[in-house]
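One structure is given below, encoded as structure tokens.
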Amino acid sequence: MVDVVVTPVRVPAAGDLLVATPRLVDPNFDRTVVFVIEHQEAGTLGVVINRVSDISCVAAVPRWASHFAEEAAVGLGGPVEPQGLLALGATMDPAAGESLPTRGSGAESSEAGGVWRTVNGTVGLVDLTADPAELDSAVVAVRIYGGHAGWGPGQLRGELQSGCWWVFDSMPGDLTADATTLWYDVLARQSPPARLLAHYPDDPAQN
């Protein structure tokens, strides 16, 4: 087991990333990257964004097909309610990593209508029960996740204090990045000691 340096606990906020360290022994979260949707005293809600299924988003929700990239697969969002679907959409160009301009009232009208509800300004929850045509064209990179991750009051803080998670800022392209390398990629863009974990082998015995 790698000796993870426990840094001062950063309280997560909506839009942050929770990145699992090797101290976290729960196989449900081994080397996961969790996008935080909500963090309050009552608990924390997020979705794992670096595990995917073999089911395409188009096959799962065909009526939203025009909003999915052709290769997009349903993510394995977490162990809680795995049959439930949750969608995130970002107001950005994934290739450029920049925010897109809105059309007039654009994203504001989408949010007012309840189709897209912001999480952190550039990423928001998409209501899959709504009419896809009502989603503003500025909202792109829609991704679907089966299940989610959840923590009760004080539970996540205890795991943070134990060094099981690090909290980092998210970046615009994280939702559409290569899920197989995202854990390493997020760590690699941090300062030490977190950056050093980007080279931590899958099997420490092989190191």
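The values are calculated or read from the model by the stated rules, or taken from the named source; none is laboratory data. Just so it is clear, the model here is predicted, and its values are computed rather than measured. Counting neighbours? That spans all protein chains shown, and the Cβs are built from the backbone with ideal geometry, glycine included. Areas reflect the complete protein model, heavy atoms only, side chains present, ligands, DNA and RNA absent. Shrake-Rupley method; radii C 1.70, N 1.55, O 1.52, S 1.80 Å.
Please list 159, 81 from largest to smallest accessible area, probe radius 1.4 Å, with all protein chains kept in place.
Details: 159 45, 81 125 Å².
Per-residue accessible area, sorted high to low, gives 81, 159.
When Lys and Arg each count +1 and Asp and Glu each count -1, what net charge do the other residues less than 13 Å away from residue 35, Cβ to Cβ, add up to? Don't jump to the answer; show the numbers that get you there.
Details: positive: 51, 143; negative: 16, 38, 169, 174.
After counting each charged neighbour, the total is -2.
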### Task
Quick one: go through segment 144-170 and flag any residue whose amide nitrogen is under 15 Å from the point 7 Å out along the Cα-to-Cβ line of residue 120.
166-170
## Note on the structure
The answer for segment 25-81, accessible area per residue at 1.4 Å probe in Å², is 52
### Message
So, taking all protein chains as they sit and a 1.4 Å probe, how much accessible area belongs to residue 199, in Å² rounded to tens?
### Response
150
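Put 128, 182, 76 in order of accessible area, largest first, 1.4 Å probe: what do you get? Could you put the intermediate results ahead of the total?
Values: 128 30, 182 5, 76 85 Å².
Heavy-atom accessible area, descending, gives 76, 128, 182.
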